[in-house]
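One structure below.
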Amino acid sequence: MMTCIYCWNWNTIWTFIAAMATISLAIIAWVQLKKFRDVSTAQFIQNFKNDFFTPKAMSLFMLLEFEQIKFCEENKEGDKIPNLPDDFSHFKVTLPNFQRSAGETPDYLGELKNVYSCYEIDDCILGNFEELGLLEEQETVSLKSINEVFGVYLDVVGKNNEIKIYIKYLRDEYKDVTIYERFDTLVSKINKLNRKND
């Protein structure tokens, strides 16, 4: 009995065609998902930028960059903030004649225009960077995207000695070394990425 070398095994051919179609659909789905993720990331970054780059935050970045702000662990110096406890830690602006914008100072600081509370530093700067660190850790936003938009600001805050003193103070005060750990990790990753790109 002779075997026909030109005979087609239609079951094998259809299985092959079905497998190729499945692979093609998977590739198309992956490409579409990547496009969707890129658009979602871009939209997220834009929304985060809008919430992050406020006038108050930009003033703080300027003060931190030029080292014109000092962390005060206690409220006992010669210019004590009235009506606040002795252990009220805060940041004092050292830039002469600095005045915060009207309506920007919290009520509990009274008429003081050259003081920022630690709550403001947490809310405007460190808390946002900690959130970015979490999102990068969860791979919601890429390190590259964070670096492109926030890298310079992360570098400024990460290098600032008063911020380092403040974070150490918080960790010691609350006996919790994980306070702003994601911020530290994110700064380290950004620095490593930038050294690699140099």
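Any read-out appearing in this document is the output of simple, stated calculations on the displayed coordinates, not a laboratory observation. Just so it is clear, the structure is predicted and the values come from calculations on it, not from any experiment. Note that each Cβ is placed from the backbone with ideal geometry, even for glycine, and that neighbours are counted across all protein chains shown.
A few remarks follow.
- As a rough footprinting exposure proxy, the listed residues THR185, THR178 were ranked by other beta carbons within 10 Å of their own, and the order from fewest upward is THR178, THR185.
- A rounded overall shape is assigned to segment 64-124, the ratio a/c of its alpha-carbon gyration tensor axes (a ≥ b ≥ c) being less than 1.5.
- Ordering of 47-55, 89-97 by burial proxy (mean other Cβ atoms within 10 Å per residue, highest first): 89-97, 47-55
- In this structure the amide hydrogen of PHE88, modeled in the peptide plane, comes within under 5 Å of the amide hydrogens of ASN75, none closer than 5 places in sequence on its chain.
- When both segment 114-177 and segment 62-97 are represented by their alpha-carbon centers, they are found 19 Å apart.
- Residues whose placed amide H lies under 5 Å from that of VAL141, excluding near-sequence neighbours: GLU136
- For the residue pairs LYS159/LYS189; LYS92/LYS164; LYS56/LYS168; LYS70/LYS159, the alpha carbons lie more than 20 Å apart in LYS56/LYS168.
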